[in-house]
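> Submitted below is the structure of interest, expressed as structure tokens.
Every read-out reported here was derived from the displayed coordinates using simple, explicitly stated rules and does not represent laboratory data. All of these numbers come straight from a predicted model, not from anything done at the bench. Cβ sites come from the backbone with ideal geometry, for glycine too, and all protein chains shown count toward neighbours.
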Amino acid sequence: MYLFLRGLLYLIFSKMPELPEVQTTVNGLNRTVKGRKILDVWTDYKSTHKMHKGSVKEPKFFSDFKKQIIGQKIIKAKRRGKNILIQLSNNKTILVHMKMTGYFFYNPSKTAPFVHLDFTLDNQKHLVFSDMRKFAKITLIPTDKLKESLHVMHLGPEPLDKKFTFEIFRERLFKKPKGKIKTVLMDQKIIVGIGNIYSDEILWRASVHPLSTVGAIPEKNLKQIYQAMKETLKKGIDFGGDSMSDYRNIKGEKGKFQDYHQAYRRTGLKCQKPKCRGIIKRIVVGARSAHFCSIHQILFKKS
Ligand SMILES: [Zn+2]
């Protein structure tokens, strides 16, 4: 019971890496392991639960995974939504979703904590995967079947893609006209990569209340959300991601975006928007919390 409660509290207070964190890891992988050959792989993930079938947590799957990746070269790493895609020379791709506590660590100087997967590379260095809560998903997919795979087929467009125009953004949001803007922004089927932290920061910047109904938000304000989304996600990448929770980059270092939060986890603090005299408030939307300024963030609702 104690462990269950602790797990539950952890789920409530922890957060998943979002687009900027995943992109930071992908950039780090391309700087460190691109072009390297995998000589060996080890794991102590072990589960017979049906939920973990088809992932490295399933011992039978892992032994096949090992056979398929040993001797292969890492062509490059890519990102799709919150998934890391490591393309190998044999037309296979390792798909990794870091979930709550997972992160890659290249060549740790001493033993990194909570390592559950370890790749030995041809430069005698190691790429390890730390995962305290063991929630991560790691599997192997033929590269040309990736788009149709269950892991990515339902995903919406990439918000930082140059082709992702305001018109497409509006069209995506309007798939849920009655939805609350924060919830819709976080819906991976609508747009990928945005979670609890960045949605709060985007809406603070756009001056829109998180409970606003999508269909009631005027065009001008939708444009502000679109702009704020691009700027906030780019800023997240520039700061090396957010490490308010467990996220670490490939060197085991924290990102810095948490030092620049304007809304997320600033409950009770003064709003930082120039001339605004508001205080940041926290409300619970579904199982998630939303942080916002009740003065400058406008609530749009159909009357
Ligand atoms: Zn304010």
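> Take the alpha-carbon centre of segment 21-77, take the same for segment 193-247, and report the distance between them in whole Å.
32
> Which of Glu158, Glu171, Glu231 comes first, and how do the rest follow, when ranked by fewest Cβ neighbours within 10 Å? All intermediate terms of the calculation are to be shown ahead of the outcome.
Details: Glu158 17, Glu171 11, Glu231 14.
In increasing order of surrounding Cβ atoms, one gets Glu171, Glu231, Glu158.
> Let me ask something else about it. Rounded to the nearest 5, what % of DSSP beta bridges with both residues in segment 147-303 are antiparallel?
Looking only at bridges with both residues in segment 147-303, the antiparallel portion is about 90 percent.
> Go through Pro177, Ile194, Tyr264 and say which Cα lies farthest out towards the positive end of the charge dipole of segment 175-303; charges sit on Cβ, +1 for Lys and Arg, -1 for Asp and Glu.
Highest projection toward the positive end goes to Pro177.
> How big is the dipole moment of the chain about its Cα centre under a simple scheme where the beta carbon of each Lys and Arg is +1, that of each Asp and Glu is -1, and everything else is neutral? Debye, nearest 20, please.
On the way: 59 positive and 25 negative charges, 121 e Å.
Using only the charged Cβ atoms, the result is roughly 580 debye.
> Sticking to Cα atoms, compute the Rg of the chain to one decimal and its Dmax as the biggest Cα-Cα distance, whole number, in Å.
Rg, Dmax (Cα atoms, Å): 20.3, 65.
> Sticking with the crude label model, points 7 Å out along Cα→Cβ, report the distance from Met153 to Lys53 in nm, one decimal please.
With each label placed 7 Å out from Cα toward Cβ, I get 1.6 nm.
> Of Thr232, Leu146, Leu203, whose Cα points farthest to the positive end of the dipole of segment 144-256 (charges on the beta-carbon: +1 Lys, Arg; -1 Asp, Glu; origin at the Cα centre)?
Most positive-ward Cα: Leu203.
> Could I ask something else about it? Give me the one-decimal nm value for the distance between modelled label points at Ile168 and Ile279, 7 Å along each residue's Cα-to-Cβ direction.
4.3
> To the nearest 500 deg cm²/dmol, what mean residue ellipticity at 222 nm is calculated for the chain from DSSP H runs of n ≥ 4 alone, each contributing -39,500 (n - 2.57), summed and divided by the residues? Present the calculation step by step, with values, prior to reporting the outcome.
Values: 7 runs with 81 residues, N = 303.
Result for the chain: -8000 deg cm²/dmol, rounded to the nearest 500.
> Another question, then. With a 10 Å Cβ neighbour count serving as the proxy for reagent exposure, in which order, fewest first, do Ile194, Ile168 appear?
Ile168, Ile194
> Fewest first, what order do Met244, Met16 take by the number of other Cβ atoms within 10 Å? Walk me through the intermediate numbers first.
Numbers: Met244 17, Met16 20.
Ascending Cβ contact count within 10 Å gives the list Met244, Met16.
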